[in-house]
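All of the numbers you see were taken from the coordinates with simple rules; none came from a lab. No experiment lies behind these values; they were computed from the predicted model shown. Methodologically, a virtual Cβ is constructed for each residue, glycine included, from the backbone with ideal geometry; neighbour enumeration extends over all protein chains shown.
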Amino acid sequence: MPRKALRMMLPLLMLVATALPLAARQSADAVAEGVQRRVELLRVAGELEIGGATIRHDPTLAAVYDARLYTPLWTEAAGAELAQALQALRDDGLDPEHYNATAISQLSAMPRTAETAADLELLRTDAFMRAAYDLRFGKVDRERHQVARDLARPVVGEDAVAAITELILSGRPRAALAGLRPDHFIYRGLVQALAQLRGVQAVGGWPVVPAGPTLRLGDEDERVPVLRERLVMGGDLDPEDVVTGNRFDEALDAAVRRFQHRHALNEDGAVGRATLAELNVPVEARIDQVRINLERARWFTHDLPQSFVAANIAGAKVYMVRDGDVIFETRAVVGTTYRSTPIFTDQMRYLELNPTWTVPPGIVGDILNNIRRDPNYLRTMNMRVLDRSGRPVDPATIDFSQYTARTFPYVFRQEPGPLNALGRIKFMFPNQYNVYLHDTPSRELFAREDRNFSSGCIRVEDPIRLAELILDEPVRWSREAIEAAIATGQTRTIPLATPFPVLILYWTASADLHGEVHYYRDAYQRDASLLAALNRAM
């Protein structure tokens, strides 16, 4: 280019060079103004519809932008990654459409103006915040089974506004959200199970095993090939072990027992009514069951202590976890539907050998009814009557027929012995529900598949082993030493040097350390309301 021409173009080039930053600044200012208008409208109206998605006012969302004078948070690259992260929420059993996914996708494809940029800014931040909180704390309130988020609660650190701002400005929203998922073997196992179940759903689900006589090892039956196919699709039968024909062989027997183990059934290898019913639960129902329990995992698994005792009420089992490993598992008997075991956490503080049993108020009516039917009931059951000061009262002086559970002025107490309802040992974590773990003389109940028979407390099948593990003093408190102390017949309290965490939970699907998923009966009918809330777009 001739030098003269270059000199003539120089002023024009300089004008363009100065105009571009000005235009960029004006564009950024216009977006910030658009964001401010939307935030202020949210404050006044309470909600704002953008691209078919509804954003609801929350003080934390407004505070994020107030602190930045409404300067946009999202780059195009981070916004594109967020769109992928929202789709990945399906892996967690969450619905991407509950996080503005379609609206963000559609707006992202439109020509960018200050208005569409401001819309996208609000949509993205709202979606990211809700996804972050739902992964960290759960979407549904654990008590009321309603969608409820406390966005003022920081997902990390101590400042909710600073935490959300920092996570977005990292420019890596997918990694930021992944870091808020529970890092626990139960959660990971359920995520894997969800993917596997959806794979089965994608090919039409597993086959229905026809009804008929009980199937067991050695039988010849035309339903056997269907049973094999069902167990292969569920992961309980290795395809390499599949043979042709109608004979119920050893490999199929082992697969049925594995299925029964994973579905809280008696492991007898026989496909009777209960096993058949579990086999024929539709894959869609199992998907919902896993999604429900992924939500329960988001409630609890973030902040679990390294060592604790846990009772799963739905599974009627008790576990001991030490340093993150499950070192003990035993069957339990839990509350009936009418007298359900509450869900809570507490600290175990002492054990009691040869305990007495003070009948709680909720069971006094049962004792009165037993006395009316059998005047010798108190003597037979080795029970005493005490006044409110703990002094003995002669039962012969009481007209039990005139009292109800509400008006009875005394207390029933059962003395230690073979008939004591608490058995030989109880594990105490004083709580408002008057619920604890204990032994029982009714050993036959542990063999039942459904073990909802108690009045709320949790009966433990092998309480001596549990006591041995909790005390963790192999010399002083070996199994033999505990049994010897019990054999004296004397009531003895053993305080724990350090309170031991106890978690009373309700899981209808869970995963073990090896990723094996187990399903349990929804004895208290809690899954339906939780699923409805989980499916609600809020």
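Data overview
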quantity: Whole-number percent relative contact order across the stretch 3-178, with pairs defined as alpha carbons under 8 Å at least 6 apart; calculated: 24 percent
quantity: Viscosity 0.890 mPa s, temperature 25 °C, Stokes-Einstein D of the stretch 230-386 from Kirkwood C-alpha radius, µm²/s; calculated: 120 µm²/s
quantity: Ranked by how many other beta carbons lie within 10 Å on average, peptides 127-135, 516-524 from highest; calculated: 127-135, 516-524
quantity: Against the rule of thumb 2.2 N^0.38 Å, how large the Cα Rg of the stretch 297-524 comes out; calculated: 1.08
quantity: Projected label distance in nm at L217 and A285, using a 7 Å step from Cα toward the beta-carbon; calculated: 2.9 nm
quantity: Acute angle (nearest 10 degrees) that the helix 224-233 long axis makes with the longest principal axis of the chain, alpha-carbon atoms; calculated: 50 degrees
quantity: Interatomic Cα distance distribution for the chain, bins of 10 angstrom, percent; calculated: 3, 14, 19, 18, 17, 13, 8, 4, 2, 1, 1, 0, 0
quantity: Bridge type composition, the stretch 297-524 - antiparallel percent by DSSP, nearest 5; calculated: 85 percent
quantity: Antiparallel bridge percentage (DSSP; both residues within the chain; nearest 5); calculated: 85 percent
quantity: Linear extension gain, E40 paired with D366, 0.36 nm per residue minus alpha-carbon span; calculated: 111.2 nm
quantity: Alpha-carbon gyration tensor eigenvalues x 5, square-rooted, for the stretch 268-350, Å; calculated: 27, 17, 15
quantity: Per-peptide average of other Cβ atoms within 10 Å, ordering 196-207, 451-462, 263-274 highest first; calculated: 451-462, 263-274, 196-207
quantity: Taking the convex hull of Cα positions in the stretch 441-484, its mean projected area over all directions (nm²); calculated: 3.9 nm²
quantity: Inter-label distance for S478 and T380, nm, one decimal - labels placed 7 Å from Cα along Cα-to-Cβ; calculated: 4.1 nm
quantity: Principal axis dimensions, the stretch 206-281 - Cα atoms, whole angstrom, descending; calculated: 28, 24, 22
quantity: Measure of compaction for the stretch 359-420 (Cα Rg per 2.2 N^0.38 Å); calculated: 1.03
quantity: 5 Å-binned pair-distance histogram of the stretch 3-178 (Cα, whole percent); calculated: 1, 8, 16, 19, 20, 13, 7, 4, 3, 3, 2, 2, 1, 0, 0, 0, 0
quantity: Rounded to 10°, Cα long-axis angle of helix 250-262 versus longest principal axis of the chain; calculated: 80 degrees
quantity: Virtual spin-label span in nm between E240 and R142, 7 Å along Cα→Cβ; calculated: 4.2 nm
quantity: Estimated [θ] at 222 nm from DSSP helical runs (n ≥ 4, -39500 (n - 2.57)) normalised by residues in the chain, nearest 500; calculated: -13000 deg cm²/dmol
